[in-house]
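Here is the structure we will look at.
The values are calculated or read from the model by the stated rules, or taken from the named source; none is laboratory data. This one's a predicted model, so the numbers in the text were calculated from it and none came from an experiment. Glycine gets a Cβ as well: all are built from the backbone with ideal geometry, and neighbour counts include every protein chain shown. Note: areas computed on protein heavy atoms with side chains; ligands, DNA, RNA excluded. Shrake-Rupley method; radii C 1.70, N 1.55, O 1.52, S 1.80 Å.
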Amino acid sequence: MTRAEEAVKVRDPRYPFTAIVGSEDLKLALILNAVSPGVGGVLVRGEKGTAKSTIVRALAALLPPVEVVRGCRFSCDPAAPDPGCPDGPHEAAPGTVRPARLVELPVGASEDRLAGSLDLERALTEGVKAFEPGLLADAHRGVLYVDEVNLLHDHLVDLLLDAAALGTCYVEREGVSVRHAARFLLVGTMNPEEGELRPQLLDRFGLTVEVRASREVSQRAEVVRRRLAFEADPVVFAASWQARERELATRVAEARARVAEVTLPDSALRSIATVCAAFEVDGLRADLVTARAAIAHAAWRGGTTVTAEDVREAARLALPHRRRRDPFDAPGLDEARLDELLDQTPEDPEEPDDPGDGPEGGPEGGPGGGPDNPGSGPGGSGEDVPGTEPASREGVPAPAGGDAATGRTGDDRVAEADPARRARLFTVPGLGAGAPGRRSRAATPLGRVTGARVPGGRPASLHLRATVEAAAPYQVGRGRSGPGLLLRREDLREAAREGREGNLVLFVVDASGSMAARRRMRAVKGAVLGLLLDAYQRRDKVGLVTFRGTRADLVLPPTSSVEAGAARLRELPTGGRTPLAAGLLRAAEVLRVERLRDPSRRPLLVLVTDGRATSGTVEEAHRAAALLAGVATVVVDCETGHIRLGLAASLARRMGARAVRLDDLTDLAGVVRDRRAAA
């Protein structure tokens, strides 16, 4: 067959899996899930532009075809149809074979699109109640892919958690009560700079891989060369890799058939338990996932018994995201420690050293091949030119700029930070309309339905029940004679929805010498670190203004980056006089600029001070405070001693804020919650 004839056969030219340069860990993780879907999915973490989405989308071509009941919208298996299938009951009959699906869940998808809803067309035109399946039904027995999974709205995350845990989707809305099977391979990609996943969803991913672009010129050049060739003629490029794609798909199918024959000896099981216990992972899901991944790896390399190498490869992929306690922890796994733990639990001498009985047996037969077989893996190129590679497991980077960035002098002191504590939720009063997030109440186009309203223009989201109720009294007068509903524009009702928004939390902190002498900065830093961690998960922005000497500095511009924020806070110097007015003026300027950049994001100001002004006057500070009128503010009073001047409380009254003692700083969430209740 000529190259042109081969190209004609390629109908949907996606970038081939085997044409991906490098990313060996990611390829292996995806293939292990294709071999054994019970592994539980893959989370791909990495910087932008590392081909995360391209690799995941290319996975569909490697999955074995699926046999389904003919005409079933829920992909029931003819050999064991779901007894509760909404399209059932299914009679015994030959099924039909179709390719496995890779269903993509957009970040902005609605709850109805994900879980399914009432079929509006049939309800309004035929007057019948019928269920329209959603993406969870489409993904059953296939792959559900969520790009930017960390930006997914909370109500959609909750649905995914329920479906992933139960393997079933329950729909109870608009008079519809439906249950259908929803067992799928969950694959998500994310950029950690844009926010972290909820721990519950993070744990649902069986394996995780971190990738970053290679810094080697030859490797980057090969990536660009192949990508340009694909863009110039996708059909011809895809056809040139078809032979390798078929070969890899065949090997995946053979490995999937071999999984049931692989045995997990007690020695390997003890190794898994030892490793998981030593790395202090939560729960037992890590043990189960590691065992399943090790079995899949043994099947992939052609073996029939799980070996220590299988356990090692499985642990490298299954444990890093489960041992991370919070975003301050560096991701990854200490592989030297892993090898040490595996050496402590050697295999039983009676068990054979299973090298695998396939043509590519042994650990060298995995994706990418080994030194003697460089072209046998999914890369298929015979070239060692990875386009991406595992991210480095470095700690928090030091702040850029050195002393110039912090303004430190020889007399400055850097206070240690108290350990960051998990922040309790606190919100800005009222109902906002800002960027989607996880903190304060907001009217959003997505979220739970709270009622119905008459739309000002074209309905953004139709509220079916309210629409029907508005039209029902007039059906006789409109001459309705059939089952359909006669509607007019004035009958339409729009769903009113309420969700959560992200906020800008700006700390304005006294970093003068008196604060350092009283060791207040330890508590202040610990509280800010805790809030920054919480904001990272709730998609807030957090900023930090400090004032000391004769000036105020924005040491942490509004950001969602935990690593950058933690580094700046830990290096924050203290010392000098107290320019309170300068701090307030700087805060007002920061909020003014942020209001121009993002007018819908509501701010919360947290002022940490004792109210003294040893550089300038208290009157100047009060005049500066007037510029912050209308901003939700909490003033943390740091004054100590038996004799108190009450300067911070006086400042809070001028600002319309609530004054709180420093001892309550770690419980600011409760303070703001009380303030909201009193509003």
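In this structure Lys541 has an accessible area near 50 Å², from a 1.4 Å probe over the protein heavy atoms.
In Å², what does the accessible area per residue of region 243-291 work out to with a 1.4 Å probe?
52 Å²
Rounded to 0.05, the FRET efficiency of the Thr263 and Asp343 pair, given R0 = 30 Å and the Cβ-Cβ distance, is 0.85.
Estimated at the nearest 10 Å², the accessible area of Thr614 is 60 Å² with a 1.4 Å probe. In this rough spin-label picture, where each label sits 7 Å from Cα along the Cβ direction, the Ala277-Thr614 distance is 5.6 nm. Cβ-Cβ distance of Thr550 and Arg570, R₀ of 25 Å, FRET efficiency by 1/(1 + (r/R0)^6): the value works out to about 0.55. Within the accessible area of region 31-104, the carbon and sulfur atoms contribute 55%, probe 1.4 Å, all protein chains present.
Structural descriptor for region 521-612: relative contact order 26 percent, calculated from alpha carbon pairs under 8 angstrom and at least 6 residues apart.
Largest to smallest in accessible area, the residues Glu24, Glu91, Glu245 fall in the order Glu91, Glu24, Glu245 (1.4 Å probe, all protein chains included). Quick one: check the C-alpha center-to-center distance for region 189-264 versus region 41-62, whole angstrom. Each part reduced to its Cα centre gives a spacing of 5 Å.
Against the criterion of solvent-accessible heavy-atom surface with a 1.4 angstrom probe, Arg212, Arg292 sort, most first, into Arg292, Arg212. The percentage of C-alpha pairs in region 218-282 whose separation is greater than 20 Å is 64%. Database remark: amide H of Asp598 closer than 5 angstrom to no amide H (H placed geometrically; neighbours at sequence offset of 5 or more, or on other chains; Pro and chain starts carry no H).
Packing here is the average count of other Cβ atoms within 10 Å per residue, and on that basis the peptides 92-103, 279-290, highest first, run 279-290, 92-103. Remark on Arg101: its backbone amide H falls under 5 Å from those of Val143, a criterion applied only to residues 5 or more positions apart or on other chains, H modelled at 1.01 Å from N. Each distinct pair of alpha carbons in region 30-162 adds a 1/r term; the inverse of their mean, the Kirkwood radius, is 16.7 Å.
Per residue, the Cα convex hull of region 263-304 amounts to 59 Å³.
Between the amide H of Lys541 and those of Asn503, Leu504, Val505, distances stay under 5 Å, these residues lying 5 or more places away or on another chain, with hydrogens modeled in the peptide plane.
Annotation: extensible slack from Leu166 through Arg489 equals 112.1 nm (criterion: 0.36 nm per residue apart, minus Cα-Cα distance). In this structure Thr305 has an accessible area near 30 Å², from a 1.4 Å probe over the protein heavy atoms. Net length available on complete extension from Ser461 to Ala496 is 11.8 nm, with 0.36 nm assigned per residue and the Cα-Cα distance removed.
With R₀ set to 22 Å, the beta-carbon distance separating Ala433 from Arg592 gives a calculated FRET efficiency near 0.65.
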